[in-house]
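> Next up is a structure, given as structure tokens.
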Amino acid sequence: MATVRIDDLADEVMKGLKEYAQLATDDLKEAVKHAGDTTKDEIEKTAPKRTGKYRKSWAVKKTKETSDSIQVVVHSKDRYRLTHLLENGHAKRGGGRVAARPHIAPAEKKGEDQLISEVERKLR
């Protein structure tokens with residue numbers, strides 16, 4: 001008859017939990033990166049196009065990464081002054097208004113939905 005010490009059993013359980021936590025962290029980081037890319041791609045598809053420079057100016061930047069977290073930002077590299085004006089509309093110089101062309105908020109919502117579904121799928 002073999003005997004198992006409680007300490008040995010607890011160590012094995014902790015080892016398994018740490019391994020699972022690391023795998024879950026890696027999956028979450030990958031999901032965040034994919035969501036950032038999806039948001040950028042969606043903005044590029046739906047952004048107003050006159051010359052195309054505004055559409056092409058979008059990028060994803062990893063701003064912070066630690067062993068257990070990651071932070072990415074989707075931003076317009078050189079056309080950042082236009083984002084608020086195009087998204088929300090603005091007053092014209094001679095009177096009247098330019099209509100809003102929402103393209104950032106819907107893309108953000110799509111990226112958020114993708115992140116939630118991917119995290120749920122990977123953690124099952």
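> Let me confirm something: among T63, T39, T46, which residue is surrounded by fewer than 18 Cβ atoms within 10 Å (Cβ to Cβ) and in contact (Cβ under 8 Å) with a residue 24 or more places away in the chain?
Of the residues listed, the single one that is surrounded by fewer than 18 Cβ atoms within 10 Å (Cβ to Cβ) and in contact (Cβ under 8 Å) with a residue 24 or more places away in the chain is T46.
> Residues that are closer than 18 Å to A107 by Cβ, surrounded by 16 or more Cβ atoms within 10 Å (Cβ to Cβ) and of a type outside the set (D, E, K, R): does segment 10-31 have at least one?
For segment 10-31, residues closer than 18 Å to A107 by Cβ, surrounded by 16 or more Cβ atoms within 10 Å (Cβ to Cβ) and of a type outside the set (D, E, K, R): present.
> Please enumerate the residues belonging to segment 100-124 that are part of a loop (DSSP other than H, G, I, E, B), free of Cβ contacts under 8 Å to residues at least 60 places away in the same chain and surrounded by 12 or more Cβ atoms within 10 Å (Cβ to Cβ).
A100, R101, P102
> Output the qualifying pairs, or none if there are none: Cβ atoms under 6 angstrom, residues six or more apart or on different chains, first residue in segment 66-81 and over 18 Å from G36 (Cα atoms), second residue among the small types (G, A, S) and crowded, with 16+ Cβ neighbours inside 10 Å.
Listed pairs, sorted by first residue: D78/S57; R79/S57.
> For segment 90-118, name all the residues that are in contact with a helix residue (DSSP H, G or I) (Cβ under 8 Å, 6 or more places away or on another chain), aliphatic (A, V, I, L, M) and over 16 Å from T39 (Cα atoms).
Residues satisfying the conditions are V98, A100.
> Here is a further query. Please go through segment 32-64 and give me each residue that is part of a strand (DSSP E or B), of a type in the set (A, V, I, L, M, F, W, C) and under 26 Å from L123 (Cβ atoms), ordered by number.
V60
> Across segment 65-99, which residue is nearest to T46 (Cα to Cα) among those that are β-branched (V, I, T) and either at pLDDT 95 or above or not in a helix (DSSP H, G or I) (or both)?
Result: V74.
The values are calculated or read from the model by the stated rules, or taken from the named source; none is laboratory data. Since the model is a prediction, treat every value here as computed from it, not as a measurement. Heads up, the Cβs are rebuilt from the backbone with ideal geometry, glycines too, and the neighbour counts pull from every protein chain shown.
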